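The values are calculated or read from the model by the stated rules, or taken from the named source; none is laboratory data. This is a predicted model, so every value here is computed, not measured. Positions of Cβ are generated from backbone atoms using ideal geometry, with glycine treated the same way; all protein chains shown enter the neighbour counts.
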Amino acid sequence: MTFERDLRLEHRSFWQHEHGPYSANPPLSENLDVDIAVIGGGFTGLNTAWQFKQDNPNARVVVLEAAVIGFGASGRNAGFSTKLFGLEPELVLLRWGKQKMIDAHRYLQLAVAHTRQLIQTHALDCDYRHTGLMRISYSPQQSVRMGKTYQLFQQLGLDGDMHWQEQAQVRQQFNSPRFGAGIHESDTGYLNPCKQVRALKALAESAGVEVYEMTAVTQVERTAAAILVHTLGGRIKADKVVLATNAYSRELPGPDGLRERQYPLWTYQVVTEPLSDEQWQEIGWRQREAFGDNRQMLHYFRPTTDGRIVMGGGDVLPQKGLAREETPSPATWQHCEAHLKWIYPQLANTRIDYRWGGPVSVNLDMVPEISFIGDERIIYSGGCFGHGVALTHLNGRTIADLLNGRKTELSEFWIVNRKSLPMNSDTLSFWGGKAARQALKAWDWWEERRLEA
Ligand SMILES: Cc1cc2nc3c(=O)[nH]c(=O)nc-3n(C[C@H](O)[C@H](O)[C@H](O)COP(=O)(O)OP(=O)(O)OC[C@H]3O[C@@H](n4cnc5c(N)ncnc54)[C@H](O)[C@@H]3O)c2cc1C
């Protein structure tokens, strides 16, 4: 099992290009006995390892990463630290009911605060900005639906940091002829994901966590005495193992019951060249907060510290083969560029500098999951969709509580050990994903059918 051919530069995200050369730690080359082995060096794995090591300074904790730290979604995402959970709030309410929706919102509120505090306390260099998030509509139908979402949050008492803005107010901030009414959420932020994941690696190592890169796990084996984690360079004997492999979990050879828990979906982004001061003036966007629309196939936008716009979304592709195989989508990149220029005709001649994508982990229930697999010695986390930045930071704390065998408010959160719907068949999952994608696209088409091209 090799990830090496996927480390070519053209497959990396803008953040990885921009952040410059990186020297990975050497791979594992001996057998080790450890307390905790974490498989996967993204936000989930590094946060978990660091939190557990903080709680247990004498414990031996290792992180095994098949490629380099941040190779997965953690080094490729848009960096929105938000309270989004699952798909639309209405769907969460319908499927899970009022109390679980409220609890999920509170967990995500805590996740955003926790991530921010972690960054501040440890001075993590990740360009974090707590700017808020604007969600905007384009069509009257989308405005009406957004108004209902706002009322729902009000009825549930979850609208603390939310403010409704009419079209005129929105356009004071954003000089786009396409924008209708929107909701401003003040308590969210964004960061540079590649800087953050590398800063987390340094934080974990400073606490004594051992990080092995270019170390693909080839088998996880459960025995009565220990969990054995096999790699080409050595074998780890661990008391407990955390599977922080996200969208790649289907490919991890090992424990029964893991494969069918989730399925990878690819999602895509583009970034412009740096805009001039005049261009920023022309498009408004005065507070430089992140924003997104309320389409089913959501688009999202944010500035970078060097004055570019990162945008993504608009489509997703169910993964046909392995999640670790890069799946370019020129049509989606073209769509993103066209959409950016549709909302901002002022940028008609602006160049796109980078295009990339990455896999997110989805499941049938459309909400995340942290679960014991088989027994309490193996813990799996997945199903974060495209909303895992803040979530995975707090999940690291939650998983550490589970590893400690401690019952806490976090370990009691309802996504922990919930019963998930299995996705047994690759073919059905693939075609199911395609059918869901078509349905969501049709919904968007219907709501936007009267908009100007
Ligand atoms: C394009 C894109 C944009 C996104 N934008 C946002 C956003 O703006 N806001 C938001 O909240 N979320 C966003 N997300 C989702 C978010 O990035 C993820 O939910 C989060 O990063 C998941 O972190 P993770 O550590 O669980 O998984 P990952 O970062 O995917 O890490 C898993 C790691 O496991 C490693 N691995 C896999 N198999 C093995 C093996 N056999 N042995 C060893 N290691 C292995 C992989 O190499 C990988 O590094 C986005 C995702 C994508 C792809």
**Message:** Is it the case, given these coordinates, that Q117 is within 28 Å of E282 (Cα to Cα) and away from the ligand (no atom under 15 Å from the Cβ)?
**Reply:** no
**Residues that are more than 16 Å from the ligand (Cβ to nearest atom), without any contact (Cβ under 8 Å) to a residue 60 or more places away in the chain and not hydrophobic (A, V, I, L, M, F, W, C), drawn from the stretch 390-425** = D401, G405, R406, K407, T408, E409, S411, E412, N417, R418, K419, S425
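Here are R397, R355, R406, R377: which of them is of a type outside the set (D, E) and under 26 Å from N424 (Cα atoms)? Show your work before the answer.
Numbers: R397 fails: under 26 Å from N424 (Cα atoms); R355 fails: under 26 Å from N424 (Cα atoms); R406 fails: under 26 Å from N424 (Cα atoms).
Selected residue: R377, the only one of R397, R355, R406, R377 that is of a type outside the set (D, E) and under 26 Å from N424 (Cα atoms).
Residues N294, N363: which one is touching a Lys or Arg at 6+ places or on another chain (Cβ under 6 Å) and either within 11 Å of the ligand (Cβ to nearest atom) or in contact (Cβ under 8 Å) with a residue 40 or more places away in the chain (or both)?
N294
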**Filter pass, L94 being surrounded by fewer than 15 Cβ atoms within 10 Å (Cβ to Cβ), away from the ligand (no atom under 16 Å from the Cβ) and aliphatic (A, V, I, L, M)** = yes
**Request:** Answer yes or no as to whether P368 is under 19 Å from M297 (Cβ atoms), surrounded by 18 or more Cβ atoms within 10 Å (Cβ to Cβ), in contact with a Leu (Cβ under 8 Å, 6 or more places away or on another chain) and of a type outside the set (S, T, Y).
**Result:** no
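Among L84, L110, which is the only one that is more than 11 Å from the ligand (Cβ to nearest atom) and either farther than 18 Å from A202 by Cβ or outside any strand (DSSP E or B) (or both)?
None of the others qualify; the one that does is L110.
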**Prompt:** When you scan the stretch 340-394 for strands (runs of 3 or more DSSP E) that lie fully inside it, which ones turn up with 1 or more residues that are closer than 30 Å to A435 by Cβ and charged (D, E, K, R)?
**Reply:** 352-362, 369-373
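Of the residues that sit in the stretch 40-56 and are touching a strand residue (DSSP E or B) at 6+ places or on another chain (Cβ under 9 Å) and assigned to a loop (DSSP other than H, G, I, E, B), which one is nearest to the ligand (Cβ to nearest atom)?
Checking each candidate, the answer is G40.
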**Asked** When you go through G313, G307 one by one, which is the residue that is in contact with a helix residue (DSSP H, G or I) (Cβ under 8 Å, 6 or more places away or on another chain), at positive phi and surrounded by fewer than 21 Cβ atoms within 10 Å (Cβ to Cβ)?
**Response** G307
**Request:** Could you pull out the residue among A59, A24, A37 that is over 20 Å from the mean Cα position of the chain (by Cα), more than 15 Å from the ligand (Cβ to nearest atom) and surrounded by 15 or more Cβ atoms within 10 Å (Cβ to Cβ)?
**Result:** A59
**Message:** If I go through the stretch 158-186 residue by residue, how many of them are free of Cβ contacts under 8 Å to residues at least 40 places away in the same chain and small (G, A, S)?
**Reply:** 2
**Request:** Just give me the residues in the stretch 140-176 being in a helix (DSSP H, G or I), touching a helix residue (DSSP H, G or I) at 6+ places or on another chain (Cβ under 9 Å) and of a type in the set (D, E, K, R), in sequence order.
**Result:** R145, K148
**Message:** Residues to consider are A435, A348, A442; find the one that is under 30 Å from D277 (Cα atoms) and surrounded by fewer than 18 Cβ atoms within 10 Å (Cβ to Cβ).
**Reply:** A348
**Message:** If I go through the stretch 113-139 residue by residue, how many of them are on the phi < 0 side of the Ramachandran plot and part of a loop (DSSP other than H, G, I, E, B)?
**Reply:** 10
**Complete:** If you go through G396, G433, G388, the only one that is at pLDDT 85 or above and closer than 21 Å to G313 by Cβ is G388
**Asked** Any idea how many residues of the stretch 305-337 are closer than 17 Å to W15 by Cβ, assigned to a loop (DSSP other than H, G, I, E, B) and in contact with a Gly (Cβ under 9 Å, 6 or more places away or on another chain)?
**Response** 1
**Prompt:** Which condition number in (1) without any contact (Cβ under 8 Å) to a residue 24 or more places away in the chain; (2) β-branched (V, I, T); (3) surrounded by 13 or more Cβ atoms within 10 Å (Cβ to Cβ) is the one that T149 fails?
**Reply:** (1)
**Request:** Could you check, for the stretch 9-21, whether at least one of its residues is buried (at least 24 other Cβ atoms within 10 Å of the Cβ) and in a strand (DSSP E or B)?
**Result:** no
**Prompt:** How many residues does the stretch 218-260 contain that are within 24 Å of C384 (Cα to Cα), over 22 Å from the mean Cα position of the chain (by Cα), within 14 Å of the ligand (Cβ to nearest atom) and not in a strand (DSSP E or B)?
**Reply:** 3
